[in-house]
Every structure is written in structure tokens, then in C-alpha cells.
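Worksheet: one structure, shown below.
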Amino acid sequence: STGKPKGVMVEHAQVTRLFDATADWYHFNETDTWMMTHSFSFDVSVWELWGALRHGGRLIIPCHHTIQSPEDLYRLICEEGVTVLNMTPSAFKPLIMYQAESEQCDQLRYIILAGEALEPAILKPWYATRSEDSPQIVNMYGTTETTVHASYRVIKAHDSLQVLSPIGVRIPDLTTYILDTQGRPAPLGVIGELCIGGAGVSRGYLNRAELTSERFPLDSFSETKGARMYKTGDLARYLPDGNLVFLGRNDHQIKIRGFRIELGEIEARIAEHPWVRGITVVALGSDSDKRLVAYVVADYADQLAQSMRDHLTSLLPEYMIPAAFVRLDALPLTPNGKLDRHALPEPEKDAFASQGYEAPQGEIETVLASIWTDLLKVERVGRHDNFFMLGGHSLLAVKLMGLVRFSLGFEMKLRTLFEAPTIAQLVVKLSEVDDTQEDILGVLMPLRPQGNRLPLFCIHALLGLSWSFTGLLKHLHKDQPIYGLQARGLNGGGQLAESIDDMAKDYIGQIRRIQPHGPYQLLGWSFGGNVAHSMAAQLEKLGERVSLLALMDTTTEYSNLEEEDEKYSTETHYHEQSSRPGKELVGDEIELLENVERIVRNNLDLINQSTLSVHADISGFTLEESKTVLRLGQHVRKNNMRLAEQYSPSVYTGDMLFFNATVPALENMPIIDPQRWEPFVAGKIDVHEVKCTHIEMDRPEHLAVIGRVLISKLEESYQRQRSNI
């Protein structure tokens, strides 16, 4: 329980046998069309991806905002003739409601539910309008450690009247045991820990020998020498007919929205905060709508929730950050000294991160506040409360879209909620004309135009897009304006730059529209650092002052970029991306899904395109529109590569802040040496190391590191600005 994810070593042969062992149940073939609805950091994606490829079928990979919209998802299912659909029960629930009202017809053969416990009652509306045989709904229980799926149960209409979660029979080449606390087989009908042996049991955890030994003991019931079993930590029991029912966890591990979470990992990270003297984290709510609540023993109550959330943001993925933080004088204990979970109080309003209560204004805000109160199960909602800090997540956001459409008549996009997560902000967005697609590819893109501080201007990498800099917003002062500069040509118009100096001159003209005179603050990532350096040098010659020049892992010398492009192959990028822990943060899931799509279709180069995929949802583009932007981006990138190879830096007389990626992107590939900038910077070069590869610098955890340094430098600049007023 360190807060670090565990890698599971699964063999190719174990994936192959998974399909062989289930072939008599499913009869997949080349006529099937599969849909990949999971990020490929999630084990179910192994089943989706290789299920299609191994049987010669088609694989449809929708973009993130399509997956989040039941309306768009069901339309795509019908249009593409999807026959095999895999979803978590909580993700399938909104689709049930939409398809019942839709006039479209699907061609589904199988709906396979997996990833979290099934509450059979959620299927009642489905069976009210659909046959129980066409499509066939199957509940599959499994763990990553035993190669995705371990059991199979066809769900019938009468099952929706049951309370228990049926997980059926084992996959034929596996063995299942229900063991008591002494490791002995429990009698029929008696609850015990579900343990799994057989061909699907993986090698164990990568570089975690002790944990592997603990979770993967020898299978004393097997006749195969050296065979091991996996202790799932799940409680189950056998029914008289030989089927299994799932009864929850026997330890501190839970599943929320398909993500398996060790509560101890969250507690370990919270305990690092200096205020904390005691901590326990619990999950409240039903399986389909769980949320995490942290109970903290601390002396300080003021802004506890906000402080804890700020502390955890750079340490844990979003889905592991508790929705509420309740301060206690001491943790309640039972007479025998154990934590008394039943005595823990329900979280009240001040347990959620809040901006201070201000009542909703006007009819629309009042209706939205009422919707949020019911949806988030909180006592009241102010106009400045943040949807996500009140416990909202992507699945609840999807529900909110439908409720807003029904109650107010607004067609709200998912990206709108991420841009405007408070009621006051959301009302403004809903009332605006949607001209995002025109602006989002413009040369000067406002990321946060509000604020009375000097703006920070962020310059794009090779691809030409600046969307990834949105990841800095939450790490900088709320009063800090931020703008992104983007290459001409991304929207199909505009002449491409002839040189980096010409590009810098163009961008100076753009930023002067916002800030006519200095001091200026510039940040550039990779190629954008060269442009920022040229801008700083040119501004000096114009008699302007540059108070901040910051470069994110920028080199001074470019050569053989086309050759390096080939070295950094699609397969390498796939390997890097697939080794990442899954995150619920929308940007990350978009990146994972869209990178898989590009790998499968093999029609686009992946170098430096993560900036597009990370924020595809913010753009609101459809899949086809996103692909068009990518193609135009390739044209822009090729031109920028040519400019980089021809570029010779001039001298800038001020100081430079340099963020240096310390992890090689490929074996034997050198990292960038900041000292190479010394001939081109007369002032001091302040180097800060970031433990990542060059291409990973725009990921949330690394932007958090960069943001902590930037906010200090920007604050210095702000104080100088105030002293000169």
C-alpha cells in the first residue's frame, strides 16, 4: 500500500488460451464487429482488442466523448453494426435508458459485463423492452492476475429480480476454490475467499517478488507440480447448482467505476500530509455509484478538504482522490480496539472542497443547483462549487448531460463541464454560441484569459497544438492568465512559417494584441522552446523586457529528425503507453484510447501527437474531425522539423528557466544537455529535473512538478510588477 500501481506479468499464451477456453460459449468469428470502450490500461481491453483481431473481425474504437455520451455511443453501435459490446455495469446503465427511447436498431449478439460487481436490478429496464436471448447478456468475473476473465454467467430476465451478483461457472481451463480463513475448502453454500488456479494464473507482479509470493501461493489442490493459485481477496460462495455468487471484498480493496483500488494506498498518501494524525478511507454508496470518503484526524479544520485535495492531486490519479474529507478528533473504535466503521459520520457540506457558499442566482442556476444536489447527494450546492470537487466523476457527468437536456433544454457537451465546472461558469457557457472549433485551432488560443497578472504565453511543440498546456491551469494561480500559441495551418488556412525567427516575429505580433508592452512571460515545450527563445531575443532588440523565459526540454541542435522519427516506432510508443497505470482523468483515457486506435489503423505517425489526444475531449471534435486535425498537424509538423534543422539560435541576454527530462525515450538515446544553451544565454540557466521522457512532459503528474516551479517564478514576477506600480 504505497500508492504505486502494480504491474502484472501476463503471457501471450494466457491470452490465447482465454479465447480457446471460451470458444464453445461465444462462437466469435470474422463477421463480428467489436467495440473497444475501455482504455488499454484496463485489462478488459485485452479481451476487446485481441477478441477482434484473433477472430478476424472488425474493431471500432470510439473517441472519448462518444463513449461518455449514451446517445452518441448507441448511434455509433447501430451505424457500425457492432455485434460484441463489453462494458462495466455502471457504464452500461445509462445506455440501457437511452436505447429504450431510440428509434434506431442495433445488431448486438453479445453484451459482456465485466470490471465490477453487477447489481442485477439495473437490468430490469432492459428486459422490459428487450429479449433475454437477442442479444445475450453475459456477466464475466475476473482479475488481471488471472488474465482478465475467470467465470461466465448468462444473465436471464429472472436474474434481474435477484439481489446477489451471479458470476456463474469457471472458465474450463481454470479451477476455482472457496477457502476459509485457514486455507481449507469451505462447505457448499458457506462464504469464503475465492481463489483461482489453472492456465490463466499469471507470473505475478513485476519486480514485486514478496507480494507475488503472498498473493500467488502454491496450489496444494493441484496435481501439477509447482502449480500456483491466485488469492483474489473476493468473497464468494457456491450455490447448490454449482454456480458462484460474488459477495464483495475481504480486505481493504474495492472497485469504483471499474478501477480496482487499494484503500491503503490512498491512506498512505494522505498520511504524508503534515496535518494528519490518523486516517481511514471508506467507500460509500452502491456499487454503481460509489464514492470515496476520507476520515482525517487533524487539528486544523479550516479548508481541510481543499488542502487535502491539493496535496493528493500530484500523487494519485483522479479516481483515487476522495470526494470528501471529514475531520475527526479521533477515529471511532469498537470495544476490542478495531475501527468502528459504523460509527463514522456521513460527510457534511464542509467535507467537500468548496470556494465558499454563495446562493444560486436566477432560474437556470437554481435548477442546476437542484440537479447537482440530487445527483451528488449533498445538502446544498453554491454557484461557485466545483462539480468534481463535490464528488462528481465522468459517469455522473454523463447523467448530468441528460438531466440538463431534459430540465433546461440545453445540449451540453461533456467538455463544457470540464471547462466550466461551477454552476456560475456553466450557465455562461450554456448561454454562449459554440464557436470553440473556430477558436481552438487559432494562432492565439486563450486557455484562461481572466486575471490581473501578466499573462503566460505558451508555445507549441512540433505538432503545432497548445492544448496540452491546459494541464497547467490547476497548478498556477487562479488569477494567472494563460494563452497558447499555435502554428498556422492547423485549420487548413494560413501560410506556414519560413523560419523559426519568422514564426517568433509572427507570435510577438499576436501576444502584443493582448499585452502591448513587457515585461513578457514565455514558456515553450520542445520545438516551442526554440521559438520562445527567439521571441525573447527579438523582444530585447525591440526594447522590451522579458521577465520569464522557460523551456521544457528543448535542444539547441536538430539533425536527422526524419530518421529519429523512424526510430521512435509505433510499437515503442505502444509499449510505453501500455505500461502506464490507468487514470480516470479524462485526458489520460483519451490518450490511451486514441493511441490504440492509431496503432490498429496504422495510418498516423505517433510522434508528438499525444497533445491532441490528451485534450480531444476539450476540443469537442468528432473522430473524423480529430483525424483531419491530425493530418493537418502532420503537414505542420513536417514544416516545423525542416525549420528546426535549419535553425541557429541567437543570443538572449536574460536568464532562462529549463525543465530537463531525465529519462531517455529509447535505449541509448541521450537526454538533452541544458549546458548546450550556455553560448546562447548570457544570464543564468536555472535547471530543474523532471523524472520523465521528453514526450511525457505534458502528462498531469509531470505538469504538476513543472507547475510548482512556475508558480514560484510567476509570483516573483507578480510581486516585482506590483512594486513598480
| request: For Arg153, indicate whether it is basic (Lys, Arg) and surrounded by fewer than 20 Cβ atoms within 10 Å (Cβ to Cβ). | output: no
| request: Inspect all residues belonging to the range 512-519 and state whether any of them is over 27 Å from the mean Cα position of the chain (by Cα) and buried (at least 18 other Cβ atoms within 10 Å of the Cβ). | output: no
| message | Can you go through Leu53, Leu73, Leu18 and tell me which one is crowded, with 20+ Cβ neighbours inside 10 Å, over 23 Å from Gly198 (Cα atoms) and modelled with pLDDT of 90 or more? | response | Leu73
| task | Would you please name the residue that is surrounded by the most Cβ atoms within 10 Å (Cβ to Cβ), looking only at residues in the range 521-553 that are within 22 Å of Glu716 (Cβ to Cβ) and of a type in the set (S, T, N, Q)? | result | Gln521
| task | With respect to Pro62, determine if the residue is in the same structural domain as Val201 (by TED's automatic domain parsing), in contact with a Ser or Thr (Cβ under 9 Å, 6 or more places away or on another chain) and over 28 Å from Arg170 (Cβ atoms). | result | yes
| message | Among the listed residues Gly192, Gly198, Gly168, identify the single one that is surrounded by 16 or more Cβ atoms within 10 Å (Cβ to Cβ) and farther than 19 Å from Pro240 by Cα. | response | Gly198
| note | Within the range 296-320, the residues that are surrounded by 15 or more Cβ atoms within 10 Å (Cβ to Cβ) and polar (S, T, N, Q) are Gln306, Ser307, Thr313, Ser314
| note | Among (1) surrounded by 20 or more Cβ atoms within 10 Å (Cβ to Cβ); (2) closer than 16 Å to Asn640 by Cα; (3) in contact with a Leu (Cβ under 7 Å, 6 or more places away or on another chain), Arg488 falls short only on (1)
| request: Answer with yes or no whether Asp133 is without any contact (Cβ under 8 Å) to a residue 12 or more places away in the chain and either farther than 18 Å from Leu73 by Cβ or not in a loop (DSSP other than H, G, I, E, B) (or both). | output: yes
| message | Checking Tyr230 against (1) out of contact with any Phe, Trp or Tyr (no Cβ under 6 Å at 6 or more places or on another chain); (2) closer than 26 Å to Met87 by Cβ; (3) crowded, with 18+ Cβ neighbours inside 10 Å: exactly one of these is not met. Which one? | response | (1)
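Listed here are the residues, each with its yes/no results for (1) modelled with pLDDT under 90; (2) surrounded by fewer than 17 Cβ atoms within 10 Å (Cβ to Cβ); (3) of a type in the set (Ser, Thr, Tyr).
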position	(1), (2), (3)
Gly81	no, yes, no
Leu85	no, no, no
Pro89	yes, no, no
Ala100	yes, yes, no
Leu113	no, no, no
Ala121	yes, yes, no
Trp126	no, no, no
Pro135	no, no, no
| task | With respect to Leu161, determine if the residue is among the hydrophobic types (A, V, I, L, M, F, W, C) and out of contact with any strand residue (DSSP E or B) (no Cβ under 7 Å at 6 or more places or on another chain). | result | yes
| request: Please find, within the range 321-349, the residue that is surrounded by the most Cβ atoms within 10 Å (Cβ to Cβ) out of those that are modelled with pLDDT under 85 and in a helix (DSSP H, G or I). | output: Lys349
| query | When the residues of the range 176-209 are filtered to those that are in contact with a Cys (Cβ under 9 Å, 6 or more places away or on another chain) and β-branched (Val, Ile, Thr), which remaining residue is farthest from Glu145 (Cα to Cα)? | reply | Ile178
| note | Within the range 670-692, of all residues that are in contact with a Ser or Thr (Cβ under 9 Å, 6 or more places away or on another chain) and in a loop (DSSP other than H, G, I, E, B), the one nearest to Ser468 (Cα to Cα) is Cys692
| note | The residue that is modelled with the highest pLDDT, considering only those in the range 288-320 that are in contact with an Asp or Glu (Cβ under 9 Å, 6 or more places away or on another chain) and among the β-branched types (Val, Ile, Thr), is Val293
| query | For the range 144-152, does any single residue satisfy the condition of being closer than 29 Å to Phe216 by Cα and out of contact with any Gly (no Cβ under 6 Å at 6 or more places or on another chain)? | reply | yes
| task | Sort out which residues of the range 227-252 are among the small types (Gly, Ala, Ser) and not in a strand (DSSP E or B), and write them in order of number. | result | Ala227, Gly242
| query | What pairs come up if the first residue lies in the range 154-172 and is assigned to a helix (DSSP H, G or I), the second is among the basic types (Lys, Arg), and their beta carbons are under 6 Å apart, counting only those six or more places apart or on different chains? | reply | Ser160/Lys124
| field | Leading residue by the ranking (farthest from Gly142 (Cα to Cα)) among those in the range 175-204 that are touching a helix residue (DSSP H, G or I) at 6+ places or on another chain (Cβ under 7 Å) and either assigned to a strand (DSSP E or B) or not assigned by TED's automatic domain parsing to the domain that holds Val138 (or both) | value | Gly204
| query | Which condition number does Ala353 fail, the rest of (1) modelled with pLDDT under 80; (2) touching a Lys or Arg at 6+ places or on another chain (Cβ under 6 Å); (3) part of a helix (DSSP H, G or I) being met? | reply | (3)
| query | Are there any pairs, at least 6 apart or on different chains, whose C-beta atoms fall under 7 Å, with the first in the range 495-514 and assigned by TED's automatic domain parsing to the domain that holds Arg637 and at pLDDT 95 or above and the second of a type in the set (Gly, Ala, Ser) and surrounded by fewer than 20 Cβ atoms within 10 Å (Cβ to Cβ), and if so, which? | reply | none
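The values are calculated or read from the model by the stated rules, or taken from the named source; none is laboratory data. None of these values were measured; they are calculated from a predicted model. Note: ideal-geometry Cβ built from the backbone for every residue, glycine included; neighbour counts use all protein chains shown.
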